[in-house]
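Nothing in this text is a laboratory measurement; each read-out follows from the coordinates by a stated rule. This is a predicted model, so every value here is computed, not measured. Positions of Cβ are backbone-derived with ideal geometry, glycine not excepted, and every protein chain shown enters the neighbour counts.
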Amino acid sequence: MKVIAISQRVQKIIKYNEFRDQVDNRLNFFVVKAGYLPVPIPNFIGCNDLKQTSLLNWLKNINPDGIILSGGDDLGVYKSRDKNEARIIKWSLTKKIPVLGICRGMQMINKFFGGTKVKIKNHAGTRHKIQGKYCKFRKTVNSFHNWGFYLKNIAEKLKINTLAEDKTIESFQHKKFKIYGVMWHPEREKVFKKDDLLLMDQIFN
């Protein structure tokens with residue numbers, strides 16, 4: 001079974017003065033349903049010298065077949081997570097490891113390659129129609145984000161695959177490498193969608 005390494009969000013627990021790495025259980029279930037083995041990636045923060053070197057060693061030892069950059073939180077909330085994920089993308093390029101960015105993860109990919117983001121309205125907590133690639137079996141997706149992009153915000157090395165009705169970008173892929181981003185959350189569907197499972201096969205097989 002192929003291993004998919006998943007980045008995690010950071011949660012500060014004030015009561016215990018702890019930083020915790022977390023990933024939505026539903027994302028693990030989604031990866032398993034798609035036929036892969038999920039393994040969470042530590043953020044390597046607040047551990048003195050356990051930073052870039054330890055992350056690269058961890059990736060080398062786990063040797064994942066693919067990577068998912070998970071959603072949750074905005075870019076910049078925890079800069080250590082941003083740095084962690086930027087290093088993960090850089091490593092994936094050198095090793096030619098496929099990457100899928102979900103929501104925040106898609107934003108991270110766009111930022112890594114020089115793109116920008118803007119505040120958008122009427123996307124958080126809704127469902128909306130999409131058009132383009134990845135909507136063979138269904139025409140709507142969930143939406144939980146306040147930040148997004150239009151054509152002018154997308155990095156030059158990325159190719160747009162899917163649009164929302166308001167012309168915001170809902171999915172893209174790198175023009176050369178197997179790096180993809182979707183703004184919806186496949187793991188948050190009550191029943192996992194066939195399109196999303198097919199996308200996993202497209203990226204990681």
For the pair Q202 and F137, how long in nm is the line joining their label points, each one 7 Å along Cα→Cβ? 1.3 nm
Across 5 Å bins from 0, what is the distribution of all Cα-Cα pair distances for the chain, in whole percents? 1, 7, 17, 21, 21, 17, 10, 4, 1, 0
If each DSSP helix of 4+ residues adds -39,500 (n - 2.57) and the sum is divided by the residues in the chain, what number results at 222 nm, nearest 500 deg cm²/dmol? -8500 deg cm²/dmol
Tabulate in residue order the Karplus-calculated ³J(HN,Hα) for region 153-169, using 6.51 cos²θ - 1.76 cosθ + 1.60 with θ = phi - 60°, rounded to whole Hz; enter x for Gly and Pro. 8, 7, 4, 4, 7, 10, 10, 6, 10, 9, 10, 8, 5, 8, 6, 6, 7
Set of aspartates and glutamates with alpha-carbon distance to K83 below 14 Å, sequence-local pairs under 8 removed: D74
Hey, can you grab everything whose amide H is under 5 Å from the amide H of K193? Only 5+ residues off in sequence or another chain; H modelled, so Pro and N-termini drop out. none
Per-residue Cβ contact counts at 10 Å, fewest first, order D196, D65 as D65, D196
Antiparallel %, DSSP beta bridges [both residues in the chain], to 5: 60 percent
Using Cα-Cα distances under 8 Å and only pairs 6 or more residues apart, what relative contact order does region 11-133 have, in percent? 19 percent
By a straight-distance test (C-alpha under 19 Å), which lysines pair with K193 as possible cross-link partners, with residues fewer than eight away in the same chain excluded? K33, K129, K133, K136, K139
Within region 134-154, what residues put their amide N at less than 17 Å from the label point 7 Å along the Cα-to-Cβ vector of R127? 135-145
Ranked from fewest to most other Cβ atoms within 10 Å of their own Cβ, Y134, Y150, Y78, Y16 fall in the order Y16, Y150, Y78, Y134
Computed for the chain: size of charge dipole around the Cα centre, +1 on C-beta of each Lys and Arg, -1 on C-beta of each Asp and Glu, debye to nearest 20, value 420 debye
Residue farthest toward the positive end of the dipole of region 56-97, with Cβ of Lys/Arg at +1 and Asp/Glu at -1: which of T94, Y78, I62? T94
Could you state the angle between the C-alpha long axis of helix 52-62 and the longest principal axis of the C-alpha atoms of the chain, as a value from 0 to 90 degrees rounded to the nearest 10? 70 degrees
Would you work out which of G148, Y16, T168 lies farthest towards the positive end of the dipole of region 3-204? Charges go on Cβ: Lys and Arg +1, Asp and Glu -1. T168
